[in-house]
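One structure is given here, and the rest of the page talks about it.
No lab work stands behind these numbers, since they all come straight from the coordinates. Because the structure is predicted, anything quoted here is derived from the model rather than measured. Cβ: placed from backbone, ideal geometry, glycine included. Neighbour counts: every protein chain shown.
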Amino acid sequence: MRIALTGSTGKLGTVVARELRASGHEVVGMDVVGTRAPDFVQVDLTDYGQVIDAFGGVGDTHSGVDAVVHLGAIPAPGIRSDVATFHNNMTATFNVFHAAVRLGIRKIVYASSETVLGLPFDVPPPYIPVDEDYPARPESVYSLVKHLEEQLAIELVRWHPDLAITALRFSNVMVPEDYAEFPSYDADARRRKWNLWAYIDARDGAQAIERALEVAPAGFDRFIIAAADSVMTRTNAELVAEVFPDTPHARAFSDHESLLAIDKARRLLGYEPKHSWRDHV
Ligand SMILES: NC(=O)c1ccc[n+]([C@@H]2O[C@H](COP(=O)([O-])OP(=O)(O)OC[C@H]3O[C@@H](n4cnc5c(N)ncnc54)[C@H](O)[C@@H]3O)[C@@H](O)[C@H]2O)c1
């Protein structure tokens, strides 16, 4: 496939571009910042004209794409003002989805976020492990936009029954250089309780994107994408008993499995994480 990849200069995007190319896809990177390169176009996603033009073709770089992978965003609360985060992320995603639809591109995979599950869980989750089956609980403007983007996608696929939009609710994105810090998390059960001690290796994030591009049928769906394991060496039973003693258990869970359940991604996307911090430290 020829794929437009927004946010290609970012932490996740850099790895996704590399992995998709390694699998034989042609990737046209798009980002507001980045170094001049034959397979990169500088685009401000908040400018609809730039987005639709770049998806349709840029000089002789490409003449249209088969799919869009949309990662370009301010990636967390608290980096910019709430209003700047709302305007940038909401406008960018509307422009990306709308331009894709206008151009007849029928495959969109994009980064939603674990935050819609109710992070930082100052209010405990309804049950543990968490999954995709309860209504979104955004607790920040950043997360609110991720929720609104999912709602936007739901309406767009209703209008265009041949359109496939997949929301990947990524956990906290990590690269191998981040793993040296992980053993220090054990000292305080509350330090990483905000996302139930989960994470995602960027390479497995790329795998989930690739699986979604390959198998997602028309329509909208959402998936939690996390590593198979937690960031802790302390057991889940101990952590949950200490931090969320009154939260029901939806099912039994093993000592270190991700409490952001990836069962649905495994089942429907064939996603299977290959990377763990435990192999690096
Ligand atoms: N990092 C995480 O832990 C995490 C967790 C869940 C979801 N996500 C989501 O994954 C995606 C990628 O995150 P990341 O960690 O790689 O962030 P990042 O900040 O490293 O990369 C995001 C990229 O988007 C670009 N961008 C932002 N606004 C843009 C605009 N208006 N026009 C063009 N480019 C724009 C930035 O320049 C940047 O290169 C984001 O959508 C983020 O919300 C990230």
Reported set for the range 104-121 where residues are of a type outside the set (G, A, S) and either over 21 Å from A17 (Cβ atoms) or in a strand (DSSP E or B) (or both) is R106, K107, I108, V109, Y110, E114, T115, V116, L117, L119, P120, F121
With respect to R36, determine if the residue is surrounded by fewer than 23 Cβ atoms within 10 Å (Cβ to Cβ), within 14 Å of the ligand (Cβ to nearest atom) and among the charged types (D, E, K, R).
-> no
Has the range 200-207 got any residue that is farther than 22 Å from K11 by Cβ and either within 13 Å of the ligand (Cβ to nearest atom) or of a type outside the set (G, A, S) (or both)?
-> no
Pick from the range 41-65 the residues that are within 11 Å of the ligand (Cβ to nearest atom) and free of Cβ contacts under 8 Å to residues at least 40 places away in the same chain: which of them is farthest from the chain's Cα centre (by Cα)?
-> Q50
Just give me the residues in the range 126-136 being over 28 Å from V16 (Cα atoms) and either out of contact with any helix residue (DSSP H, G or I) (no Cβ under 7 Å at 6 or more places or on another chain) or of a type in the set (K, R) (or both), in sequence order.
-> P126, Y127, Y134, P135
Taking A76 and the conditions (1) of a type in the set (A, V, I, L, M); (2) touching a strand residue (DSSP E or B) at 6+ places or on another chain (Cβ under 6 Å); (3) not in a strand (DSSP E or B), which numbered condition does it fall short on, given that it satisfies the others?
-> (2)
Taking the range 68-87 and keeping only residues that are in contact (Cβ under 8 Å) with a residue 40 or more places away in the chain and within 12 Å of the ligand (Cβ to nearest atom), one is left with V69, H70, L71, G72, A73, I74, P75, A76, P77, T85, H87
Please go through the range 153-186 and pick out each residue that is polar (S, T, N, Q) and either on the phi > 0 side of the Ramachandran plot or surrounded by fewer than 17 Cβ atoms within 10 Å (Cβ to Cβ) (or both).
-> S184
Of all residues in the range 230-264, how many are touching a Pro at 6+ places or on another chain (Cβ under 8 Å), among the aliphatic types (A, V, I, L, M) and outside any loop (DSSP other than H, G, I, E, B)?
-> 1
Within the range 147-177, considering residues that are free of Cβ contacts under 8 Å to residues at least 40 places away in the same chain and within 15 Å of the ligand (Cβ to nearest atom), the one farthest from the chain's Cα centre (by Cα) = E177
Consider E181 carefully, then state whether it is out of contact with any Gly (no Cβ under 8 Å at 6 or more places or on another chain), farther than 21 Å from G10 by Cβ and not in a loop (DSSP other than H, G, I, E, B).
-> no
Residue identified as of a type in the set (A, V, I, L, M) and out of contact with any Ser or Thr (no Cβ under 7 Å at 6 or more places or on another chain) among A92, A84 = A84
Of everything in the range 1-25 that's within 15 Å of the ligand (Cβ to nearest atom) and in a loop (DSSP other than H, G, I, E, B), which residue is surrounded by the fewest Cβ atoms within 10 Å (Cβ to Cβ)?
-> T9
Would you point out which residue out of V83, V41, V28 is at negative phi and assigned to a helix (DSSP H, G or I)?
-> V83
Give the range 100-114 a look and list any residue that's more than 16 Å from the ligand (Cβ to nearest atom) and over 15 Å from P217 (Cα atoms), or say none.
-> V101, R102, L103, G104
